[in-house]
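The values are calculated or read from the model by the stated rules, or taken from the named source; none is laboratory data. It should be emphasised that the depicted structure is a prediction, and the values quoted were computed from it without experimental measurement. Backbone-built Cβ (ideal geometry, glycine too); neighbour counts: all protein chains shown. Surface accessibility is based on the protein's heavy atoms, side chains included, excluding ligands, DNA and RNA. Shrake-Rupley method; radii C 1.70, N 1.55, O 1.52, S 1.80 Å.
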Amino acid sequence: MTGVWRPWRQVLSLRWRVAIAFGLGSLLVAGMFALATWNLARGYMLDQRLQSATQQAEVNVRLVDETLRTGSSGLDELLTGLATGPNSTIILLRQGSQLTSGRPVELAQLPGAFVDAAREGVAVRQRVRVADYPALAVGLPVASEGGTYIELFPLIELDRTFRFLSSLLAGGTLACGVLGGALGLWTSRRALRPLTALTAAASRVAAGDLTARLPQQADADLAPLARTFNDTTAALEQRVQRDARFAGDVSHELRSPLTTMTSAAEVLARRRADLPERARQALDLLVLEVHRFRHMVIDLLEITRADQQGDDEAWEILDLAGLVANVAAFRERAVPPVDSPSEPVLVRVDRRRMDRIVGNLLDNAERYGGGVVRIGVQADGGPVRLEVDDAGPGVPEHLREQIFERFTRGERAGQRGTDTGSGLGLAIVAEHVQRLGGRVWVTDRPGGGAHFVVELPEAPS
């Protein structure tokens, strides 16, 4: 049973499982009450009908017996008067003769055991079906001549009552099941409303909104959960703000000595020809590291700003293809024209964040990917996509998420040479894309190279 139930638990949500449980429970309880009601009502009404029919037959047989004993000639009229309706039948068996009144019924239509018992002078009664209607057959002995009195009482009205009652109980049971399911759905929705709020708040926190909080709860069971969640997110927000302030403060403090180091390196670089060979090699390494250090400080300042929620007033609706073309126009190296639809592709973004996203993707392609091969903007009636392809070796599958983390250089970690990157460029792209409500990923480009994709929501019409 557990193995059968487990797939349903995976398919159905908790809300629907609760609703189904309520519905089945209501159906079971209502069914039990309906079955008990049916048995009690059916037994009671049938017993009442049997008793009344038996009493009526006993009265009738006494009248017939009295008529036979007195030798009255009005037996046929008496039998006709005793018939209670068009569907009732009276059969009087005498010595070698048979009198019938009411609806004609052949003796062969009655059960043989019933007829035999009645002929032997035993008082019997039995529910039978004659022709097309149910009836109650009562057989009684006639004392005066040793005859047999058989009367058929129609049960048509009682049968209709039973059908109506069964339909009513079955419909009521089904209605209870449906109402129970609806009640379960409503109850589960109200009971899970705090969980829905918790899920929404946790999703906002996961998306980077550390100001998300749960409303205070008056319920004694829910208040600790809301208080704990709010305390946790408040502590996380303070920690992130503290780390961001620390990175920003350190970056600001490093700018002054960095400026001095850069100026000194440039002075020495201008006198490079006057230095010995070994000193020139040391100077080249120093200049490379100073430039890399400078890029790292700039990126640290940028990622500190990226960690802060943007001002909604700075957002505007822009043509993404035009923005990308403007950023590409100021590159030192020529890049391919933007492949975009003829119609403007509108997005609602922060221009500063979007400029940095495009610039960092192009920098990454030029620095590590052998140059930009293609820049594309796509819009198919849904999210808008910015695509940047490079001619490099591509990104191994196990590094496709790692390269968007801070201070990650992938397989170039620990290498120097001409690499002046800080390991923050793609992390800044990921931070800005997240703030804009989108996502970024990388796959292989057909024919070789990396295929970077930034997906952003389409601007509202």
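Considering only residues in region 223-251 that are more than 13 Å from Ala201 (Cβ to Cβ) and of a type in the set (A, V, I, L, M, F, W, C), the one that is modelled with the lowest pLDDT turns out to be Ala247. Restricting to region 102-137, count the residues that are open to solvent by 80 Å² or more (accessible area, probe 1.4 Å), in contact (Cβ under 8 Å) with a residue 24 or more places away in the chain and over 60 Å from the mean Cα position of the chain (by Cα). The number of residues fulfilling the criteria is 2. Among the numbered conditions (1) at pLDDT 90 or above; (2) assigned to a strand (DSSP E or B); (3) closer than 30 Å to Gly208 by Cα, the only one that Glu316 does not meet is (1). Which members of region 201-242 meet the condition of being more than 25 Å from the chain's Cα centre (by Cα), loosely packed, with under 14 Cβ neighbours inside 10 Å, within 30 Å of Ala430 (Cβ to Cβ) and not hydrophobic (A, V, I, L, M, F, W, C)? Within region 201-242, Thr211, Thr228, Asp231, Thr232, Gln238, Arg239, Gln241, Arg242 meet the criteria.
Screening the candidates Ala41, Ala34 for the property of being part of a helix (DSSP H, G or I), surrounded by fewer than 16 Cβ atoms within 10 Å (Cβ to Cβ), at pLDDT 85 or above and not β-branched (Val, Ile, Thr) yields one hit, Ala41.
Please go through region 371-392 and pick out each residue that is within 10 Å of Ala450 (Cβ to Cβ) and in a loop (DSSP other than H, G, I, E, B).
First pass over region 371-392, keeping only residues within 10 Å of Ala450 (Cβ to Cβ): 373, 388-392.
Across region 371-392, the qualifying residues are Ala391, Gly392.
Exactly one residue out of Ala143, Ala118 is touching a Gly at 6+ places or on another chain (Cβ under 6 Å) and at pLDDT below 85, and it is Ala118. For Leu79, the conditions (1) out of contact with any helix residue (DSSP H, G or I) (no Cβ under 7 Å at 6 or more places or on another chain); (2) modelled with pLDDT of 80 or more; (3) under 16 Å from Leu140 (Cα atoms) are fulfilled apart from (2).
Across region 360-388, what is the number of residues that are closer than 17 Å to Arg439 by Cα and open to solvent by less than 10 Å² (accessible area, probe 1.4 Å)? The total comes to 6.
Which ones in region 67-80 are without any contact (Cβ under 8 Å) to a residue 24 or more places away in the chain, open to solvent by less than 80 Å² (accessible area, probe 1.4 Å) and either more than 19 Å from Ala135 (Cα to Cα) or of a type in the set (Lys, Arg) (or both)? Steps first, answer last, please.
So the first thing to find is which residues in region 67-80 are without any contact (Cβ under 8 Å) to a residue 24 or more places away in the chain, and the list is 67, 70-74, 77-80.
Now restrict to residues that are open to solvent by less than 80 Å² (accessible area, probe 1.4 Å): 67, 71-72, 74, 78-79.
Of everything in region 67-80, those that are without any contact (Cβ under 8 Å) to a residue 24 or more places away in the chain, open to solvent by less than 80 Å² (accessible area, probe 1.4 Å) and either more than 19 Å from Ala135 (Cα to Cα) or of a type in the set (Lys, Arg) (or both) turn out to be Thr67, Gly71, Ser72, Gly74, Leu78.
Apart from one condition, Met354 fits all of (1) open to solvent by less than 10 Å² (accessible area, probe 1.4 Å); (2) farther than 18 Å from Ile428 by Cα; (3) in a helix (DSSP H, G or I); the exception is (2). Evaluating Ser188 against the criteria (1) surrounded by fewer than 16 Cβ atoms within 10 Å (Cβ to Cβ); (2) under 21 Å from Val18 (Cβ atoms); (3) of a type in the set (Ser, Thr, Tyr) leaves one unmet condition, (1).
Take the residues in region 393-406 that are part of a loop (DSSP other than H, G, I, E, B) and of a type outside the set (D, E, K, R), then tell me which one is surrounded by the most Cβ atoms within 10 Å (Cβ to Cβ). If you could, list the steps in order and put the result at the bottom.
The initial filter retains those residues of region 393-406 that are part of a loop (DSSP other than H, G, I, E, B), namely 393-396, 400-401, 405-406.
Keeping just the survivors that are of a type outside the set (D, E, K, R) gives 393-396.
On the way: Pro393: 13, Gly394: 18, Val395: 24, Pro396: 12.
Top of the filtered list is Val395.
Residue count for region 45-66, restricted to those that are in contact (Cβ under 8 Å) with a residue 40 or more places away in the chain and open to solvent by less than 60 Å² (accessible area, probe 1.4 Å): 10. How many of the residues in region 142-169 are under 16 Å from Val124 (Cα atoms) and buried (at least 18 other Cβ atoms within 10 Å of the Cβ)? Adding up the residues that qualify gives 8.
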